[in-house]
1. Report the rotationally averaged projected area of region 94-143 based on its alpha-carbon convex hull, in square nanometres.
2. Across the Cα atoms of region 9-72, what radius of gyration and what greatest pairwise Cα-Cα distance (Dmax) are found, in Å?
3. Would you give the gap between the C-alpha center of region 212-256 and the C-alpha center of region 95-132, rounded to a whole Å?
4. Run lengths n ≥ 4 of DSSP H only: what is the helix-derived mean residue ellipticity at 222 nm for the chain, with -39500 (n - 2.57) per run over all residues, to the nearest 500?
5. Where a ≥ b ≥ c are the square roots of the eigenvalues of the C-alpha gyration tensor, would you call region 153-257 rounded, which needs a/c under 1.5, or, failing that, prolate if a/b is larger than b/c, or oblate?
6. What size of dipole, in debye to the nearest 20, comes out for the chain about its Cα centre when the only charges are +1 on Lys and Arg C-beta atoms and -1 on Asp and Glu C-beta atoms?
7. If you bin every alpha carbon distance in region 5-126 into 5 Å steps from zero, what whole percent lands in each bin?
8. In region 6-76, which chymotrypsin sites (Phe, Trp or Tyr not before Pro) are in a loop and have at most 14 other Cβ atoms within 10 Å, using DSSP for the loop call?
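No value in this document is a laboratory result; all are computed from the given coordinates. Keep in mind the model is a prediction, meaning the values are calculated, not measured. Positions of Cβ are generated from backbone atoms using ideal geometry, with glycine treated the same way; all protein chains shown enter the neighbour counts.
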Amino acid sequence: MTPRTTLTIAGSDSGGGAGIQADLKVFAALGAYGTSVLTAVTAQNTRGVDAVLPLPPQTVRDQLDSVLGDFDVRAVKTGMLGTPAVADAVAEAAKAGRLPHLVVDPVLVATSGHRLGVVSAVERLLPYAEVATPNCAEAAALTGRPVTTVEEMVAAAEALAAAGPAHVVVTGGDVDAAGESVDVLAGGGATTLLRAPRVPTRHNHGTGCSFSAAIAVRLAAGDPVPVAVAAAKEYVTRALTGARHWELGAGRGPLDH
Ligand code: PLP
């Protein structure tokens, strides 16, 4: 059977753990056919980001036209956008209805501290998102309020969902909630907590990218948002567990797709 086509619009990671490379691995692992629009090239490895080259907005538009003009794309995720001008190019396509089942991962700062995007760029895309997936730091940057507890995650998810995206998942991988990793999903008039056992590992590079890519695959298959988000959380927990004893690079290693 022909696989369903998904699209990632994101930056590359030369170390293969995050960004476009992670997204394509998730798409393949979950049985989708992955296409990709590159927004920026990063030089990075498991220790961090060494350099970033944002691509010109027209190059992003050209890639979008090539992919969307040929493939029957069923769901899209965005990751690192790099510059406001690139975000505008992607937002134009979203506004024109060319990006179905849009999942927006508001990538702002790499765990290593390197800036990969700006709030004003992410905000251009949020109104078109079916699901947005900020982590706690990103949710704090987008709401202007601290997000360090589950209660604050609930408040941030509800505030963000009221302001644009149909659904918001604030991911809580950085919050230790009594040995659990709790994500908060708000939207459609409901707020739910998704729980999984915390996986004790430093090899979590690309977790956010993988989560949003997995949501996109499930939306492409027609799952409702809460089902897609729960399945993606299970996928990420499995991928973290599988790689926890891997030794790839000296820093934060990738997940096991
Ligand atoms: N590099 C790229 C290209 C990304 O898209 C992301 C994503 O979120 C990261 C790096 C950040 O990865 P992490 O903070 O998990 O190291």
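1. On the way: hull surface 14.2 nm².
Over every viewing direction, the Cα hull of region 94-143 projects on average to 3.5 nm².
2. Considering region 9-72 through its Cα atoms, Rg and Dmax are 12.7, 38 Å.
3. 18
4. Details: 8 runs with 95 residues, N = 257.
One gets -11500 deg cm²/dmol as the mean residue ellipticity at 222 nm.
5. Details: a/c = 2.25, a/b = 1.61, b/c = 1.39.
The shape class here is prolate.
6. I would put it at about 260 debye.
7. Values per bin, smallest distances first: 2, 12, 24, 26, 20, 12, 4, 0.
8. Working: sites: Phe27, Tyr33, Phe71; in loops: Phe71.
Here the sparse-neighbourhood loop sites are Phe71.
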